[in-house]
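Just below is one structure, and these are the notes that go with it.
The values are calculated or read from the model by the stated rules, or taken from the named source; none is laboratory data. Only a predicted model underlies this, so the values are computations on that prediction, with no experimental measurement involved. With ideal geometry, Cβ positions are generated from the backbone for all residues, glycine too; neighbour counts draw on all protein chains shown.
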Amino acid sequence: MLAAKSKKNRIVSLLLAFAAGALLSAQTTEQPLSVTPAVELKSPTKLGKLYQLQLKKDDKWTDVGHAIKGTGKPFVAYYSSGEYRLITPSKKWLKVWADEFDGDDLDFTKWEKEENNYGGGNNERQAYRTNKKYCSVKDGLLNINVYRDSHTTSDGKTQPYSSARIRTLNRGDWKYGRFEIRAKMPNGQGIWPAVWMLPTNSKYGGWASGGEIDIIESRGSMVEETTGALHFGGAWPRNTYLAHSYKFPKNNAAEKFHIYTLEWTADEIKWFVDGKLCKTRKKEEWFSEAAKQNPSAPFDQEFHMIINVAVDGRFFEKTKQQADRLKPNVFPQTLQIDYVRVYQWAE
């Protein structure tokens, strides 16, 4: 009986070994690889000059990627074989950076998630958190979500709401340009979505001597209008600002997507909504206490972009809005961004 069992066990072992070998063989089967010939592209560049790479296809030249800014060193890149050229367009806006939010997660080569619990200096009541629940990319849209989730930091600071704040710091920093955002706002009272800019390395000191550019701000349930602003002057509390509002002629900011555009040069800053000019600010209207002899300061330095949704705070001081009045079933309150595109002017 024992001998029979031993023989049976050997047969089972052999069968298992055969199956394992067959599986290993299936797993290690070689697959042919396709190889595409590559060409090295090389061209001298001038410092600060904008260049656009193009590929000839069907006897037409088409742009490849975004425009690049010359560094004074040669441009070197590798692409699949074809006929290419590097052109220097002039008197037009060239796209130098963009996020279409086509993936399934935030692109961390372009954005950084921030985390803090301190109300932005405006008595805001949100905690900025890094969880996907509060910042996600889905179906071609960036979603910044506000939930009534309380959060306490290790030092004991508690906020009753949770949201997200992302920025392009050291991933996208620009001095002048055209900034285009297609977005749809939330409409809950006390909910404060914003797309804005801060200096990357503030030559002129702290806020607001170093400047702040607000491209879009939406004041809670007042979605029939959008606002924009510049902050400048001295360091707080010697700061000052210029603000404006724009009323939508038809669909409000929460009913449909609108295109918000800011054009920023050394001499002026302009705001547009759906292609319509809303406001122009001239350099004579702003200043920095740290550079009174420089008429372009503080808006002559590199700035980076920030997207966030805050809750309550000083932005609502002259209103009766308060997020605590919102019903639980209206959360999350969501800011949706279809794309962010950045252009610079080719002289």
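Determine the pairs where a residue that is assigned by TED's automatic domain parsing to the domain that holds Gly119, located within segment 313-330, has a partner that is of a type in the set (Asp, Glu) and surrounded by 14 or more Cβ atoms within 10 Å (Cβ to Cβ) with Cβ atoms under 6 Å apart, the partner being 6 or more residues away or on another chain.
Every condition considered, the pairs that remain are Gly313/Glu124; Ala323/Asp312.
(1) within 25 Å of Trp111 (Cα to Cα); (2) surrounded by fewer than 23 Cβ atoms within 10 Å (Cβ to Cβ); (3) hydrophobic (A, V, I, L, M, F, W, C): which one isn't true of Ala208, the others all being true?
Evaluating Ala208 over (1) within 25 Å of Trp111 (Cα to Cα); (2) surrounded by fewer than 23 Cβ atoms within 10 Å (Cβ to Cβ); (3) hydrophobic (A, V, I, L, M, F, W, C) leaves (2) as the failure.
Within the set of pairs 6+ apart or on separate chains, which have a first residue in segment 147-162 that is of a type outside the set (Val, Ile, Thr), a second that is modelled with pLDDT under 95 and outside any strand (DSSP E or B), and C-beta atoms under 6 Å apart?
Lys157/Asn117; Gln159/Asn117
Specify which of the listed residues (Pro186, Pro193) is in contact (Cβ under 8 Å) with a residue 24 or more places away in the chain and assigned to a strand (DSSP E or B).
On inspection, the qualifying residue turns out to be Pro193.
Based on what the data block shows, is Leu242 at pLDDT 95 or above and out of contact with any strand residue (DSSP E or B) (no Cβ under 7 Å at 6 or more places or on another chain)?
So Leu242 fails the test.
Step by step: first the residues of segment 320-347, then only those that are of a type in the set (S, T, N, Q) and touching a Gly at 6+ places or on another chain (Cβ under 7 Å), then the one that is nearest to Trp264 (Cα to Cα). Which residue is that?
Gln344
Counting only residues that are in contact with a strand residue (DSSP E or B) (Cβ under 7 Å, 6 or more places away or on another chain) and of a type in the set (S, T, N, Q), which one in segment 221-235 is nearest to Phe287 (Cα to Cα)?
Thr227
Being assigned by TED's automatic domain parsing to the domain that holds Leu326 and under 22 Å from Ala323 (Cα atoms): is that true of Tyr128 here?
Yes, satisfied.
Give segment 105-147 a look and list any residue that's of a type in the set (D, E, K, R), part of a loop (DSSP other than H, G, I, E, B) and under 22 Å from Ile337 (Cβ atoms), or say none.
Hits for segment 105-147 are Asp105, Asp107, Lys110, Glu114, Glu115, Glu124, Arg129, Lys132, Lys133, Asp139.
Which one of these does Gly156 not meet: (1) under 24 Å from Ile337 (Cβ atoms); (2) at pLDDT below 95; (3) more than 23 Å from the chain's Cα centre (by Cα)?
Only one criterion is unmet by Gly156, namely (1).
Among the listed residues Ile68, Ile87, which satisfies the condition of being of a type in the set (Val, Ile, Thr) and under 23 Å from Phe179 (Cβ atoms)?
Only one candidate passes the filter, namely Ile68.
Which of the numbered conditions does Gly275 fail, given that it passes all the others? Conditions: (1) within 13 Å of Phe232 (Cα to Cα); (2) surrounded by fewer than 19 Cβ atoms within 10 Å (Cβ to Cβ); (3) of a type in the set (Gly, Ala, Ser).
All conditions pass for Gly275, except number (1).
For segment 253-268, name all the residues that are of a type in the set (D, E, K, R), in a strand (DSSP E or B) and surrounded by fewer than 17 Cβ atoms within 10 Å (Cβ to Cβ).
Glu268 - this is the single residue of segment 253-268 that is of a type in the set (D, E, K, R), in a strand (DSSP E or B) and surrounded by fewer than 17 Cβ atoms within 10 Å (Cβ to Cβ).
Working carefully through the options Arg182, Arg171, find the one that is assigned by TED's automatic domain parsing to the domain that holds Lys270, under 14 Å from the mean Cα position of the chain (by Cα), over 18 Å from Gln333 (Cβ atoms) and crowded, with 16+ Cβ neighbours inside 10 Å.
Only one candidate qualifies: Arg182.
Could you check Thr334 against (1) assigned to a loop (DSSP other than H, G, I, E, B); (2) at pLDDT 95 or above; (3) farther than 30 Å from Ser202 by Cα and say which number it fails?
(1)
If you check Asn239 against the conditions, is it loosely packed, with under 15 Cβ neighbours inside 10 Å, closer than 28 Å to Lys320 by Cα and polar (S, T, N, Q)?
No, not satisfied.
Being surrounded by 10 or more Cβ atoms within 10 Å (Cβ to Cβ), touching a residue at least 12 places away in the same chain (Cβ under 8 Å) and out of contact with any helix residue (DSSP H, G or I) (no Cβ under 6 Å at 6 or more places or on another chain) is true for just one of Thr130, Thr36. Which residue is that?
Just one listed residue meets the conditions, Thr130.
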